[in-house]
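These notes concern the structure reproduced below.
The values are calculated or read from the model by the stated rules, or taken from the named source; none is laboratory data. Keep in mind it's a predicted model, so treat the numbers as computed, not measured. Here the Cβ positions follow ideal geometry from the backbone for every residue, glycine too, while neighbour counts run over all protein chains shown.
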Amino acid sequence: MAVEIEKKVEDTTNESAPLELIPLPDLEHLRYVERERIGLLRIDRPAVHNAISLRTMAELDRVLTWLETRSAALALVLTGSGDRTFVAGGDLKDFAKLETYEAAAAMSRQMQSLMRRLEMLPIPVIGAINGDCLGGGCEVALAADIRIVSETARFGFKQVELGITPAWGGRRRLVQLIGRSKALMLLLSGDLLDARGAEQIGLADKVTPSHQVLEAALELARRIAAHPPLAVKAIKQAVNHDCAISQANEIAFEAELFAKTWISRDHHEALAARAEKRRPNFTGT
């Protein structure tokens with residue numbers, strides 16, 4: 001799979017330049033390549049539908065540090081492995097070790113900070129949404145600046161069905177993007193929204209056939225990377241400045257809400273009912 005992705009970068013950039021593999025050894029959950037001012041980051045956990053684990057978060061920190069300090073890229077494309085799922089949310093099996101309020105809040109703060117760093121990169125981030133975005137997967141997609149979406153993709157904020165709140169900053173980004181009432185409808189219902197529906201409300205910026213989504217994102221990245229670097233980064237900086245909020249307060253607030261729901265009886269009942277294939281019995285505690 002890594003070779004296939006790398007070939008796509010080769011095929012969509014200057015043929016005379018060599019493929020540069022970034023020196024980030026021991027990445028197991030992510031793949032990153034960079035060539036001709038285009039970076040391509042792939043979440044590569046197909047066995048668990050590209051779910052985000054604690055290790056995935058640690059690896060994402062390493063890639064973001066590279067992008068912030070050493071990268072020559074002028075655009076970043078973010079995608080998932082395969083053609084069925086972009087990101088299925090958090091890895092619930094791995095997150096089962098988060099048994100306390102403090103552990104849940106720390107995970108939320110960490111992932112919020114990572115998504116903030118992704119959003120605030122000095123270069124544009126293009127999401128090649130290759131499949132379903134579920135729960136936290138929607139939050140990862142929302143941290144991208146632009147979303148090019150497969151026509152077979154679906155969006156669903158499934159956190160409410162598990163008795164928890166969004167934990168990775170997606171709530172506030174969703175409200176800013178589509179408005180308060182539409183955001184509440186999606187967050188409170190847990191309903192799935194198809195690609196065309198997402199495009200209609202501004203959650204998707206462009207819908208393409210599934211086999212063209214990565215190519216379309218790389219094509220946009222190539223057009224951006226052809227422009228003067230100073231102008232590209234200045235425009236991204238200006239937009240980031242316009243969208244700036246009191247991030248420290250927001251991160252703490254969301255982490256507190258998530259941690260309270262994560263350790264709740266209703267969350268554990270939701271997980272048990274899911275495992276036992278029965279209707280949950282929620283008590284509001």
For Glu254: the one exception among (1) closer than 30 Å to Gly284 by Cβ; (2) surrounded by fewer than 19 Cβ atoms within 10 Å (Cβ to Cβ): (2)
Members of segment 30-58 that are assigned to a helix (DSSP H, G or I), farther than 16 Å from Gln110 by Cβ and under 13 Å from the mean Cα position of the chain (by Cα): none
Residue that is closer than 23 Å to Cys243 by Cα and among the hydroxyl-bearing types (Ser, Thr, Tyr), where the choices are Ser189, Ser150, Ser113: Ser113
Residue among Leu27, Leu67 that is touching a residue at least 24 places away in the same chain (Cβ under 8 Å), out of contact with any Phe, Trp or Tyr (no Cβ under 6 Å at 6 or more places or on another chain) and part of a helix (DSSP H, G or I): Leu67
Residue within segment 13-23 that is surrounded by 21 or more Cβ atoms within 10 Å (Cβ to Cβ) and either modelled with pLDDT of 95 or more or outside any loop (DSSP other than H, G, I, E, B) (or both) present: no
Residue check, Thr261 touching a residue at least 40 places away in the same chain (Cβ under 8 Å), under 24 Å from Gly169 (Cβ atoms), in contact with a helix residue (DSSP H, G or I) (Cβ under 7 Å, 6 or more places away or on another chain) and among the hydroxyl-bearing types (Ser, Thr, Tyr): yes
Segment 45-62, residues that are among the aliphatic types (A, V, I, L, M), surrounded by fewer than 22 Cβ atoms within 10 Å (Cβ to Cβ) and either free of Cβ contacts under 8 Å to residues at least 12 places away in the same chain or closer than 27 Å to Ala225 by Cβ (or both): Ala47, Ala58
Odd one out for Leu203, checked against (1) over 22 Å from Arg35 (Cα atoms); (2) touching a residue at least 12 places away in the same chain (Cβ under 8 Å); (3) out of contact with any helix residue (DSSP H, G or I) (no Cβ under 9 Å at 6 or more places or on another chain): (3)
Residue within segment 155-166 that is touching a residue at least 12 places away in the same chain (Cβ under 8 Å), under 22 Å from Pro122 (Cβ atoms), crowded, with 17+ Cβ neighbours inside 10 Å and within 17 Å of the chain's Cα centre (by Cα) present: no
Odd one out for Glu269 among (1) at pLDDT 90 or above; (2) crowded, with 16+ Cβ neighbours inside 10 Å; (3) within 21 Å of the chain's Cα centre (by Cα): (3)
Residues of segment 140-154 that turn out to be buried (at least 23 other Cβ atoms within 10 Å of the Cβ) and hydroxyl-bearing (Ser, Thr, Tyr), as a count: 1
Lone unmet requirement of (1) buried (at least 19 other Cβ atoms within 10 Å of the Cβ); (2) touching a helix residue (DSSP H, G or I) at 6+ places or on another chain (Cβ under 6 Å) for Leu193: (2)
Single residue of segment 27-43 satisfying the filter (of a type in the set (Asp, Glu) and either surrounded by 22 or more Cβ atoms within 10 Å (Cβ to Cβ) or more than 27 Å from Lys158 (Cα to Cα) (or both)) that is modelled with the lowest pLDDT: Glu36
